[in-house]
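A quick write-up on the structure given underneath.
The values are calculated or read from the model by the stated rules, or taken from the named source; none is laboratory data. Note that the structure is predicted; figures quoted are calculated from it, not measured. All Cβ positions, even for glycine, are placed from backbone atoms using ideal geometry, and neighbour counts span all protein chains on display.
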Amino acid sequence: MTAPATPAPSPATVGEQPGVRLARSRRNAELSLLLLAMVLVAAYGAMVEANVLDTVTADFWMPAAALTAVFLGLHLAIRFLAPFADPALLPAVALLNGIGVGFLRRLDLAKATPAEREDLAIFAGTGGRQLAWTLASVILAAGLLALIRDHRSVSRYAYTLGLAGIVLVMIPAVLPRSISEINGAKLWIRIGGFSIQPGEFAKLALLAFFAYYLVRKREVLSLASRRFLGIDFPRGRDLGPVVVVWLISLLVLVFEKDLGTSLLYFGMFVVTLYIATERVSWLLIGLVLFFGGAYLAYVLGETVGGPFANFYLRAQIWLDPFADPYEDGYQLVQGLLALGTGGLFGAGPGGGQPLKLPEVQNDFIFAGIGEEIGLFGLSALLVVYLLIVERGLRAALAVRDSFGKLLAGGLAFTLGLQVFVIVGGISKLIPLTGQTTPFLSAGGSSLMANWLLIAVLLRVSDAARRPVTGVGGKAARPSGGPPEQLHGAPTEVIRP
Amino acid sequence: MNAPLRRVGVVVMILFGLLFANLNWIQAYKADEYRNSDYNGRVQVAEYDRKRGNIEASGTALATSKATSGELRFQRTYPGAAKYAHVLGYKPVNLADTGIEEFENDFLAGTSDQLIASRVKDLFTGDQTGGGNVLLTLSRRAQDTAYEQLRNNRNNVTRGAAVAIDPGTGAVQALVSMPSFDPNPLASHDTDAATAAYNKLEQDADGPLKNRALGEVLPPGSTFKIVVAAAALENGVGKGTEIAAGPSWTPPTSGTPIRNAVPSICPEAQVTLAEAVRESCNTGFAQLGVRLGAEKIKQKAREFGFEQDDLGVGQLGEGGHGVAASRTGTMENADGGDDPGALAQSSIGQRDVRMTPLQGALIAATVAHDGSQMRPYVVQQLLGPDRTTVYHTAEPDELRRPISGQVASDLRDMMVSVVEDGTGKNAQISGYTVGGKTGTAQSAPDRPDHGWFIGFALDKNGKPVSAVCVVLEQAGPGGSAEAARIAGQVMRAAIADRGGR
């Protein structure tokens, strides 16, 4: 960052704004890509039926058609609410969501008795519920787009969001285990047959707060520093907030027994801090703190046990899952066997045996899908995820205000990190944690939160790609508008 | 803030690169290990979802799959039970596959690349086509006869083997190893029962799981004289040439005399080569071998197929049942020169000479087929799941040509005389010309001798129809005569199956 908080974009920045250069909405491209994605989802559904039922029923296309209708609705909403939004985001997410619904429906088919299979209603079972959740999530996403016409208006509620985020994170930790614990991780609120994962929403709220806080403190954090060993380190008192977040993430690790969420929050904060300050030292401090903390938890788990025992056990399973393949290591072992059985090409959609996998509709959905579509299919899914993340980062690059950059960049990175944590977990790259696989896993919380995340990215990318002398009235005006006007943050103009 | 955003983009790419690399490790490098892991229950279930193809011979199913109501949808059954066990092998749920079930597994299971078309068709028609069918060269009558005759042999021998091949093509007509076993319990879906059945067979002292016809090597005794005679015929000795014989002969430098089986055999000082073969004259062949030298005998044995350790009997030119290498052993001194004592004993198929029953049958077949040894095979045809598309038909192929037509003709005449009025009379078949050579081999000083017979049958036009080798381990006195009798019966059955009498 050569000129922090520049009111107007510098020429160099303009050159990095593809949206400005194109100045086209590209909505028709989005529509074609979306329809292509839906054709793929329909083809996937047909292949599943061919393999599971030995025949393709006359209404195999119905789930795909329902999804298409839902996504077309969002597409229309985008046309009106965010006409310059990135055209690749919606089709990419729709493809993942569609494959997720298709795979969950495939699980329902496998569980059903042969008699029930032929006329499994499209809203029946896990797959049907996921379809309903998709509808709800997409409506929520469209609502967010309608509600927030300018992403910078979010910063007004930053402290409220921050507080809400911390509360959401802490709720499962303080609730009794009977309500909050599923499969050893205290991440849930269960009321009746209904369970939500508040942490999924917390990451959105927390990130909005981080972005706001960092835009205000950016100057201090990046400029007031001491040089040590050739690296600029921040002043001790500026470390405060980082230490607080570090403690929160360690508390999550210990009390919610979830390394993944902990890693997610901490990574999210450290990376937004780095983006804001451009200080590599923050990354180093963050990595040292996290791995130091994790190692400490591991050692404490081995010696003291207690709240750290779960983490120690998970680390042990990760190091050698085959040491106890029927008890502790069962999930990971079965996940690896499913992936290995899939091999390069997989057994074909519907051709595998995902029911042999524990938690196949949640944590292990990627392994379950991987058994059927193989390395090639999974690589394609990873590329779609990568596309979404990089498109989000692209929006962050192109948007003109610091808050938008931090918000989009942080959200995009968080999404990528979550994919890394869960996919890395089930494939034994890192210790397994109870994260959901964005857009694939069954469950409303995760789907809604991630669609909201996409809505924010769409909103920011719309601002980024909107021509400076743009169409439209008030919504278009903020292009180039400096964030200081909104925040009035005095620290930003203090130069040492 | 754009520079760090770009770097974050790179970091995400690295993280995804790690995921991709790790998935490659799991789904490509480790895939086979995970797929076949003991903890992996899914591959089996998938394999048993598709009806495995039949293994058939002479129009009868020898291995077939029957639908069940269990999780594994098809039960493999072997209607012939122990009779075909060593040829077919078995396909257990939890143990290793063997035999045809192993080396034609892909085709039988329907996962072979050749069957891709029918799998693609399934995708559209929605049918679940079964695997392909494997048709064997076996003659059912010859196999039945070999199995029954071995089992009910008159010497009450418990271990032995019989193998019959068509000399003109190399097609295996019968292949029996005794004792045999019933493969059905091994294919049980109750894996504990299958394991128990396997362990019982594994611990049986007679080794029923071993395929003796291809895998056992024993001293061939006098049957090896055919190889020595072939070497002699190529080195200036004719059928009628007189060779030194006698009731007993002690090779120079060796203290142990060579004797004949009974004193009535070749007591005269000199006999013709033909007489030596017919009467199985040990003293004659011991001296003949020493005269020829170790190198010529070893060379001739190699040309007949000794020392080959990579022969397979399955599809032509492709894998199949492994055949143990037959060996000539050491006949030289430490300094490299011939050891007359060892050479003399080796020339009558003792000392370190070892031969598989299949090798014996190949020698007889070569003599019958004018010196041309055909590559042995047991898979006649691969028939698609629809039973009309043929994916492979055996095209016989010469393996080697160890002897000239003239030498083969001389050996044939001598071997015919063995059956007509020598030691192998039991093998005679009326209407056919049968030739052969008996063998009685010392196994161990305190054990009964092995009885061997190798032979062939020619039809009226002199065309070879069957070549056979029968061995009865530790059969004792009369073992080779009993082997000759069984060999005759097996060849007669093979002829009958071909439409002969």
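Values computed for the structure shown
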{"quantity": "Close pairs from the range A:282-294: first within 11 Å of A:Val271 (Cβ to Cβ), partner part of a helix (DSSP H, G or I) and not hydroxyl-bearing (Ser, Thr, Tyr), Cβ under 6 Å, at least 6 apart", "calculated": "A:Trp282/A:Leu273; A:Gly286/A:Val270"}
{"quantity": "Residue, nearest to B:Arg302 (Cα to Cα), within the range B:395-422, restricted to residues that are assigned to a helix (DSSP H, G or I) and of a type in the set (Gly, Ala, Ser)", "calculated": "B:Ala408"}
{"quantity": "Residue list for the range A:254-264, filter: touching a Lys or Arg at 6+ places or on another chain (Cβ under 7 Å), surrounded by 21 or more Cβ atoms within 10 Å (Cβ to Cβ) and in a helix (DSSP H, G or I)", "calculated": "A:Leu259, A:Leu264"}
{"quantity": "Residue ID - farthest from A:Tyr330 (Cα to Cα), chosen from residues in the range B:7-24 that are of a type outside the set (A, V, I, L, M) and surrounded by 15 or more Cβ atoms within 10 Å (Cβ to Cβ)", "calculated": "B:Arg7"}
{"quantity": "A:Glu16 being at pLDDT below 95, within 14 Å of another protein chain (Cβ to nearest Cβ) and out of contact with any helix residue (DSSP H, G or I) (no Cβ under 7 Å at 6 or more places or on another chain)", "calculated": "no"}
{"quantity": "Per-region count, the range A:440-456, residues closer than 16 Å to A:Val360 by Cβ and in contact with a Leu (Cβ under 7 Å, 6 or more places away or on another chain)", "calculated": "2"}
{"quantity": "Hits in the range A:146-164 - residues which are closer than 25 Å to A:Leu96 by Cβ and either under 18 Å from the mean Cα position of the chain (by Cα) or without any contact (Cβ under 8 Å) to a residue 40 or more places away in the chain (or both)", "calculated": "A:Leu147"}
{"quantity": "Qualifying residue in the range A:147-159 (condition: modelled with pLDDT of 80 or more, in contact with a Phe, Trp or Tyr (Cβ under 8 Å, 6 or more places away or on another chain) and within 28 Å of A:Leu432 (Cβ to Cβ))", "calculated": "no"}
{"quantity": "Tally of residues being on the phi > 0 side of the Ramachandran plot and either touching a Leu at 6+ places or on another chain (Cβ under 9 Å) or crowded, with 18+ Cβ neighbours inside 10 Å (or both) across the range A:279-307", "calculated": "1"}
{"quantity": "Qualifying residue in the range B:66-83 (condition: touching a helix residue (DSSP H, G or I) at 6+ places or on another chain (Cβ under 9 Å), in contact (Cβ under 8 Å) with a residue 24 or more places away in the chain and hydroxyl-bearing (Ser, Thr, Tyr))", "calculated": "yes"}
{"quantity": "Residue satisfying condition, being of a type in the set (Gly, Ala, Ser) and more than 21 Å from B:Ser222 (Cβ to Cβ), within set B:Ala484, B:Ala494, B:Ala467", "calculated": "B:Ala494"}
{"quantity": "Tally of residues being facing another protein chain (nearest Cβ under 7 Å), over 26 Å from A:Glu372 (Cα atoms) and of a type outside the set (A, V, I, L, M) across the range B:7-30", "calculated": "1"}
{"quantity": "Matching option when the condition is part of a helix (DSSP H, G or I), surrounded by 23 or more Cβ atoms within 10 Å (Cβ to Cβ) and either modelled with pLDDT of 90 or more or not hydroxyl-bearing (Ser, Thr, Tyr) (or both), among B:Ala475, B:Ala457, B:Ala496, B:Ala483", "calculated": "B:Ala483"}
{"quantity": "Single unsatisfied condition, A:Phe80 versus (1) closer than 22 Å to A:Arg466 by Cα; (2) crowded, with 22+ Cβ neighbours inside 10 Å", "calculated": "(2)"}
{"quantity": "Condition broken by A:Val39, with the remaining ones in (1) surrounded by 22 or more Cβ atoms within 10 Å (Cβ to Cβ); (2) modelled with pLDDT of 90 or more satisfied", "calculated": "(1)"}
{"quantity": "Residue in the range A:425-437 that is facing chain B (nearest Cβ under 9 Å) and assigned to a helix (DSSP H, G or I) present", "calculated": "no"}
{"quantity": "Segments classed as helices (runs of 4 or more DSSP H), wholly inside the range B:81-197, with at least 2 members that are at pLDDT below 90 and within 14 Å of chain A (Cβ to nearest Cβ)", "calculated": "B:116-125"}
{"quantity": "Flag if A:Leu440 is at pLDDT 90 or above and closer than 24 Å to B:Val8 by Cα", "calculated": "no"}
{"quantity": "Qualifying position, being surrounded by fewer than 23 Cβ atoms within 10 Å (Cβ to Cβ) and closer than 28 Å to B:Val176 by Cβ, among B:Asp421, B:Asp352", "calculated": "B:Asp352"}
{"quantity": "Residue match in the range B:206-220 (condition: in contact (Cβ under 8 Å) with a residue 12 or more places away in the chain, under 22 Å from B:Ser480 (Cα atoms), small (Gly, Ala, Ser) and surrounded by fewer than 22 Cβ atoms within 10 Å (Cβ to Cβ))", "calculated": "yes"}
{"quantity": "Some residue of the range A:56-64 being within 14 Å of chain B (Cβ to nearest Cβ) and on the phi > 0 side of the Ramachandran plot", "calculated": "no"}
{"quantity": "Residue that is nearest to the other protein chains (Cβ to nearest Cβ), among those in the range B:31-59 that are within 15 Å of A:Phe322 (Cα to Cα) and not in a loop (DSSP other than H, G, I, E, B)", "calculated": "B:Tyr34"}
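The rows are residues; the columns are (1) within 7 Å of chain B (Cβ to nearest Cβ); (2) closer than 27 Å to A:Ala37 by Cβ; (3) assigned to a helix (DSSP H, G or I).
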position: A:Val333; (1), (2), (3): yes, no, yes
position: A:Ala338; (1), (2), (3): no, yes, yes
position: A:Gly351; (1), (2), (3): no, yes, no
position: A:Ile369; (1), (2), (3): no, yes, yes
position: A:Leu378; (1), (2), (3): yes, yes, yes
position: A:Val383; (1), (2), (3): no, yes, yes
position: A:Val389; (1), (2), (3): yes, yes, yes
position: A:Gly392; (1), (2), (3): no, yes, yes
position: A:Ala395; (1), (2), (3): no, yes, yes
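Residue-by-condition table, conditions (1) surrounded by 20 or more Cβ atoms within 10 Å (Cβ to Cβ); (2) modelled with pLDDT under 95; (3) among the β-branched types (Val, Ile, Thr):
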{"site": "A:Leu95", "(1), (2), (3)": "yes, no, no"}
{"site": "A:Arg106", "(1), (2), (3)": "yes, yes, no"}
{"site": "A:Glu116", "(1), (2), (3)": "no, yes, no"}
{"site": "A:Phe123", "(1), (2), (3)": "no, yes, no"}
{"site": "A:Ala132", "(1), (2), (3)": "no, yes, no"}
